[in-house]
1. Given the conditions (1) surrounded by 16 or more Cβ atoms within 10 Å (Cβ to Cβ); (2) touching a helix residue (DSSP H, G or I) at 6+ places or on another chain (Cβ under 9 Å), and given that residue 169 satisfies all but one, which numbered condition is not satisfied?
2. Counting only residues that are assigned to a loop (DSSP other than H, G, I, E, B) and under 22 Å from residue 85 (Cα atoms), which one in region 183-224 is most open to solvent (accessible area, probe 1.4 Å)?
3. Using the structure shown, decide if residue 164 is assigned to a loop (DSSP other than H, G, I, E, B) and modelled with pLDDT of 95 or more.
4. Might you check whether a residue that is β-branched (Val, Ile, Thr), in contact with a strand residue (DSSP E or B) (Cβ under 9 Å, 6 or more places away or on another chain), under 18 Å from residue 187 (Cβ atoms) and in a strand (DSSP E or B) occurs anywhere in region 115-124?
5. Of all residues in region 110-149 being surrounded by fewer than 17 Cβ atoms within 10 Å (Cβ to Cβ) and of a type in the set (Asp, Glu), which is nearest to residue 162 (Cα to Cα)?
6. Does at least one position in region 115-133 carry a residue that is touching an Asp or Glu at 6+ places or on another chain (Cβ under 9 Å), of a type in the set (A, V, I, L, M) and at pLDDT below 95?
Amino acid sequence: MRKAFVIFSLVLIFLAGCAKDDVNEKETAKKEDSPIVNEESGNKETEDKEESVQEENVEESENQEKDLDQFMGINLKEYRPNVGAKKTFTENGYPVFTEEVIAANEQFVQMLVQLGGNQTTQIYKWTGSEITLVFEERSLEDPKKSLLDGFEQMANPEMLIGDSAVWEMVENSSLEKVPYGELKDVIVVRKVTDEVVNEKTTYTRFFAPGLGLVKETYSLTGENGYSAESVLGEVK
């Protein structure tokens, strides 16, 4: 009888141990599953935050462009020259250089400037709120090939018109007369540099609706100072 009682007690202890092990296994499994759920939740929260930040950045960029447009009262895209247009600039009645529009898309305009035997490809970021020179390269193998689908922007782009332009806007509704004709609502921007020691060099550019650049002046002060002016003479 005593032997049977001992055996019965051992069976109870064994069953209790099994039950305890089963509970521990369930708790362990629950703990192991828990981080996965938290990680997925965390990833989702992170993705939601990133999407929210991206949306805020886009909205902020759009608002900045709208604010700039309201400040200037103009849409700079209206000042783009047409693709295929070839403009001839003259100085004192003689041809100096040509500017041909090679390609354009929503963001950029590609041009080919020819001065004598030199050909320079320029690409401008030309949106409703800014005009920035972002690419410039001389003597490309095929200068009339569009590069807009895959070009590398220059390290130091030069903003001519925009919220952080290095050029100063001095007029946004000027009336200008050039050999090509009388032009209204011309934007005038200016940059003064000290690239020549102890002298001031002043560059001024004029942009007209539907034509882009229509006039460019250059002046250097000092004993050896001089000035030059190139104006739009013809558009083909």
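1. For residue 169, the exception is condition (1).
2. Looking only at region 183-224, we keep the residues that are assigned to a loop (DSSP other than H, G, I, E, B), and these are 194-200, 209-211, 221-224.
Retained after the next criterion (residues that are under 22 Å from residue 85 (Cα atoms)): 209-211.
Working: 209: 58, 210: 33, 211: 24 Å².
Going through the qualifying residues, I end up with 209.
3. Details: assigned to a loop (DSSP other than H, G, I, E, B): yes; modelled with pLDDT of 95 or more: no.
No: the conditions fail for residue 164.
4. So far as region 115-124 goes, no, none of its residues is β-branched (Val, Ile, Thr), in contact with a strand residue (DSSP E or B) (Cβ under 9 Å, 6 or more places away or on another chain), under 18 Å from residue 187 (Cβ atoms) and in a strand (DSSP E or B).
5. Checking each candidate, the answer is 136.
6. Within region 115-133, none of the residues are touching an Asp or Glu at 6+ places or on another chain (Cβ under 9 Å), of a type in the set (A, V, I, L, M) and at pLDDT below 95.
The values are calculated or read from the model by the stated rules, or taken from the named source; none is laboratory data. Being a predicted model, the structure only gives us computed values, none of them experimental. Reconstructed Cβ throughout: ideal geometry from the backbone, glycine too, with neighbour counts over all protein chains shown. Protein only, heavy atoms only, side chains kept; ligands, DNA and RNA dropped before computing areas. Shrake-Rupley method; radii C 1.70, N 1.55, O 1.52, S 1.80 Å.
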